[in-house]
Structures are given as structure tokens and as C-alpha cells.
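Colleague: The structure under discussion is supplied below as C-alpha cells; questions concerning it will follow.
Every read-out reported here was derived from the displayed coordinates using simple, explicitly stated rules and does not represent laboratory data. Since the structure is predicted, the reported quantities are computational estimates derived from the model, not experimental observations. Please note: Cβ atoms are built from the backbone with ideal geometry, for glycine as well, and neighbour counts cover all protein chains shown.
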Amino acid sequence: MVYDVVIIGAGPAGLAAGIYGKRAGFSTVILDTSSISGGQILNTYEIDNYPGIPGASGEELADLMRKHCEKLGVEFLRGRVSSIIDKGETKELVTKKDTFEARAVIVATGATSRMLGCPGEEEFSGMGVSYCATCDGAFFKEKVVAVVGGGDVALEDALYLSRFCSKVYLIHRRDEFRGAFVLQNQVKAKNNIEIIYDSTVEAINGEDCVKSITVKNKKTENVTELLVSGIFIAVGTDPNTKNIAGLPDMDEKGYIIADETGESSIPGIFAAGDVRTKKLRQVITATSDGANAIASIERYFQKQ
């Protein structure tokens, strides 16, 4: 069978593409490595910025999206795609057990936040440990938090959190930031941001939630404990593209080069969600990517 659309990934981008694909009348299948849909949002305890569903957990939101797909008749299959073969008007997707053929493919494999790898990080994920300040920052109003990182995202996160948190520790392992100078100057001008250079987070501590972090100065080897209610880790993300051969052109970090249309360097292959080059990676932008990709596929089919 040749599907109209095969979507790789069942996060918000893939699920939205599934909904829009079926509504457009396409035979649509979503291929994912897990039987549980949702991608990264499954690790989010509470999502308070998705319109119309305030306070939903990531699991609840993912379940609603999945059920919407199933109601429309989207087919869900398990499989890890190892390569995409461009055969012109169709694309062949190869997994360990099966091969699928489609007129169009949407790559919606997402990206994975880099972890610190310290004790307590996994244990308190979603319970004070966050990888997205704009997603979770509002839950820490008037509280003391920490941001870890030295690039643009870490600086922007610290500035964002400083608007409503009583204090923000900005912890960086080097003696200078990698982020833009304008952001550095803004951070240094904030009275409630305390910069801690040359330091690493050795442990995240707590009981039911984060209570403190253990910080070590790399030069002096002094170890201190900072009382915080949350820690925002901004040490980078990695797109989930490394293990798939035949993908379209990517940037130096491995993100598929595509704008809002989702169109890539290979006709018939589209990118949606966190896996594509973009400025803002949020649930709402991922779902809009899924819709845009289907709209682009409609135009692509019309030209064939």
C-alpha cells in the first residue's frame, strides 16, 4: 500500500499533522518508536500556556490529541525509521521489520534536551527540574530558582524568570558567557540575577520536589548548597535526526532546514516541530507546524 502521508513521530507536531491530514482526505499513518504518543510533553507535569486547556498535564494533552487522531481514523504503527529513500513521486521508509511507501513524508521526530547528568535530575524532572522556562516559569512566581547554561537560551531564560521570580541564580561552567553581548549586559543589569561563574551543578536535592542544588566551583573546588525551588537547564538540545539516513539538508546542529511551510531540500519530504530550524520551540508552534506541513503537502500534490 502507498500511503498519501507518513508522519514520523507522535509528538504534538506529528499528532496535529495527523488530524489535518485526515481532514484533508489523505490516507495517513503515524510511525513512532513508542506506543504512547506525546513526545517531550509527556515529561511535563503541567502545561499552562496551551490555549483553552490551562493546567493540563503533558500526558492529558497528549492523550486528547491522540484520541482526536483516532476519532478521525489516523493509523498508528510502531517502528523506528532508519532511512528514507527518495524514489521521486514516492518515498520509501525503512524500519527494522517493515518498509512503508508514501507520496509525502513529514519528519516530526522532535529534539531532546541535553541533560546535566547529575544526581536528582531525572528524579525531580517535572517536579522542579525543567528544560523550558517559558513553559514552566509561571509556576515559580516569587520563588528562588536557578538557570544553568551560558548561551543565548540560558541568558534569555534568566531574564524571563527575573520578571516574576524573587531571585535567579545563573550558573555557568566557564568564566564568560557564549551568548550575545546585548543579553549579557541585560543580565548583568538585573538586580535579582546572581551570576555564578566557573561552576557546575553536582546534585539536585529534595524530597517530593526540588529544595536545593549542590554547586561546585571548578577553580577553587568549593562546594556550596543553594536553596532553590526550581532549576532550569539550558545547556542545549539535540535534534532527533542522527539515526535516520536520507534526510533533507540540515544545519550544522542537525536540524532540518525548513521554514514555516515545512518544505525541505527534497520535494515531498517536510519537517515539522522541534526537528526543524526555528526560533521558538513550544507545543503551540509544533502543532502549527503540523498544520502547515499538511497545507504544503496539499499544494505539492496539486502540482504532481
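Colleague: Return yes when Leu42 is under 30 Å from Glu123 (Cβ atoms), in contact with a Gly (Cβ under 9 Å, 6 or more places away or on another chain) and free of Cβ contacts under 8 Å to residues at least 24 places away in the same chain and no when it is not. Give the steps one after another, and end with the answer.
Modeller: On the way: under 30 Å from Glu123 (Cβ atoms): yes; in contact with a Gly (Cβ under 9 Å, 6 or more places away or on another chain): yes; free of Cβ contacts under 8 Å to residues at least 24 places away in the same chain: yes.
So Leu42 passes the test.
Colleague: Quick check on this structure: which one of Val153, Val201, Val182 is of a type in the set (A, V, I, L, M) and touching a helix residue (DSSP H, G or I) at 6+ places or on another chain (Cβ under 9 Å)? Reasoning before the result, please.
Modeller: Details: Val201 fails: touching a helix residue (DSSP H, G or I) at 6+ places or on another chain (Cβ under 9 Å); Val182 fails: touching a helix residue (DSSP H, G or I) at 6+ places or on another chain (Cβ under 9 Å).
Going through Val153, Val201, Val182 in turn, just one is of a type in the set (A, V, I, L, M) and touching a helix residue (DSSP H, G or I) at 6+ places or on another chain (Cβ under 9 Å): Val153.
Colleague: If I filter segment 220-243 down to residues being in contact with a strand residue (DSSP E or B) (Cβ under 9 Å, 6 or more places away or on another chain) and without any contact (Cβ under 8 Å) to a residue 40 or more places away in the chain, which single residue comes out as surrounded by the fewest Cβ atoms within 10 Å (Cβ to Cβ)? Show your work before the answer.
Modeller: Restricting attention to segment 220-243, the residues satisfying the condition of being in contact with a strand residue (DSSP E or B) (Cβ under 9 Å, 6 or more places away or on another chain) are 222-241.
Among the residues that remain, those that are also without any contact (Cβ under 8 Å) to a residue 40 or more places away in the chain are: 222-225.
Working: Asn222: 10, Val223: 12, Thr224: 12, Glu225: 13.
Looking at the filtered set, the residue picked out is Asn222.
Let's see how each residue does on (1) surrounded by 13 or more Cβ atoms within 10 Å (Cβ to Cβ); (2) under 21 Å from the mean Cα position of the chain (by Cα):
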position: Val94; (1), (2): yes, no
position: Lys97; (1), (2): no, no
position: Ala104; (1), (2): yes, no
position: Thr112; (1), (2): yes, yes
position: Leu116; (1), (2): yes, yes
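Colleague: Confirm whether Thr33 is polar (S, T, N, Q) and over 18 Å from Ala271 (Cα atoms).
Modeller: Working: polar (S, T, N, Q): yes; over 18 Å from Ala271 (Cα atoms): no.
In short, no.
Colleague: Identify, from the list Glu89, Glu70, the residue that is free of Cβ contacts under 8 Å to residues at least 24 places away in the same chain, surrounded by fewer than 16 Cβ atoms within 10 Å (Cβ to Cβ) and charged (D, E, K, R).
Modeller: Result of the check over Glu89, Glu70: Glu70.
Colleague: With respect to Ala133, is the statement that it is under 18 Å from Arg281 (Cα atoms), touching a Leu at 6+ places or on another chain (Cβ under 6 Å) and either surrounded by fewer than 17 Cβ atoms within 10 Å (Cβ to Cβ) or without any contact (Cβ under 8 Å) to a residue 60 or more places away in the chain (or both) true? Let's see the steps before the verdict.
Modeller: On the way: under 18 Å from Arg281 (Cα atoms): yes; touching a Leu at 6+ places or on another chain (Cβ under 6 Å): yes; either surrounded by fewer than 17 Cβ atoms within 10 Å (Cβ to Cβ) or without any contact (Cβ under 8 Å) to a residue 60 or more places away in the chain (or both): no.
The answer is no for Ala133.
Colleague: Now for a separate question. Quick one: in segment 142-196, of everything that is farther than 18 Å from Leu280 by Cβ and of a type in the set (Lys, Arg), which residue is surrounded by the most Cβ atoms within 10 Å (Cβ to Cβ)?
Modeller: Filtering segment 142-196 for residues that are farther than 18 Å from Leu280 by Cβ and of a type in the set (Lys, Arg), the one surrounded by the most Cβ atoms within 10 Å (Cβ to Cβ) comes out as Lys167.
Colleague: Looking at Ala16, Ala104, which one is touching a residue at least 12 places away in the same chain (Cβ under 8 Å), of a type in the set (A, V, I, L, M, F, W, C) and assigned to a strand (DSSP E or B)? Quick ask: steps written out before the conclusion?
Modeller: Details: Ala16 fails: assigned to a strand (DSSP E or B).
Every option except Ala104 fails the conditions.
Colleague: (1) under 30 Å from Gly11 (Cα atoms); (2) of a type outside the set (Ser, Thr, Tyr); (3) in contact (Cβ under 8 Å) with a residue 24 or more places away in the chain: which one isn't true of Gln184, the others all being true?
Modeller: (1)
Colleague: Just to be sure I understand the filter: pairs with C-beta atoms under 8 Å, separated by 6 or more residues or on different chains, first member in segment 248-277 and in a loop (DSSP other than H, G, I, E, B), second member surrounded by 22 or more Cβ atoms within 10 Å (Cβ to Cβ) and among the basic types (Lys, Arg). Which pairs pass?
Modeller: Listed pairs, sorted by first residue: Tyr255/Arg276; Ile257/Arg276; Ala258/Arg276; Gly262/Arg276; Gly268/Lys91.
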